[in-house]
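The values are calculated or read from the model by the stated rules, or taken from the named source; none is laboratory data. Small disclaimer: the values here were computed from a predicted structure and weren't measured. In this analysis, Cβ positions are derived from the backbone assuming ideal geometry, glycine residues included, and neighbour counts consider all displayed protein chains.
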Amino acid sequence: MIHRYRSFLLRHYPLKLVMLALVFFVLGRASIAVCTSHNTLSSLCPATGISISAVLLFGFSVWPAIVLGVILLQLSNGNSINFVIVLALADTLEALIGAYVLQKAFSFDLKMQHLRDVIGIILVSILVTMISAAIAVGG
C-alpha cells in the first residue's frame with residue numbers, strides 16, 4: 001500500500017512537496033499545542049521524524065518541502081523572519097544529515113529488521129538534534 005502512494009508521489013513532485021510541507025506544519029502545530037498547553041518543554045518533535053522519514057522514503061529532493069513546512073510553522077508562531085530562516089536551515093540540515101548518516105554509516109533499511117537500524121535511529125536522533133540546536137542557537 002505504501003509503495004502505491006510512493007509511486008504516485010514520485011510522479012507528482014510539486015504535489016509531494018506541498019503535502020509533505022503541510023504534514024510537517026500540522027504535526028509541528030500539534031506538538032507546540034501539546035507542549036504549551038501543559039506548561040512543559042518537550043524535546044520531542046514529531047515533525048523532525050517526519051522530515052527524516054520523508055528524505056529516507058522519497059530522497060534528498062524533498063528538502064524544499066522541509067524548508068516550506070518550517071517557514072509556515074515558525075511564521076505562524078509569530079517569529080521574526082531572521083529566526084525563521086535560521087530554523088529552516090537548521091531543520092533542513094537536520095533531516096538531510098540524519099538521512100545521509102543513516103544510509104551511509106548504518107546501511108539503514110526502511111523495514112527496520114536489524115538491530116543496526118534501531119541503533120542507527122537512536123544515535124542519529126541524538127546527533128542531528130545537537131546539530132540543529134547548535135545552528136539555531138548560533139544563528
Of all the residues that make up region 71-127, how many are of a type in the set (A, V, I, L, M, F, W, C), touching a residue at least 12 places away in the same chain (Cβ under 8 Å) and not in a helix (DSSP H, G or I)? 2
Do we have any residue at all in region 37-44 that's crowded, with 16+ Cβ neighbours inside 10 Å and either without any contact (Cβ under 8 Å) to a residue 60 or more places away in the chain or part of a helix (DSSP H, G or I) (or both)? no
Report the residue count in region 21-56 for those that are among the aliphatic types (A, V, I, L, M) and modelled with pLDDT of 90 or more. 8
Tally time: how many residues in region 1-17 are surrounded by 15 or more Cβ atoms within 10 Å (Cβ to Cβ) and at pLDDT 65 or above? 2
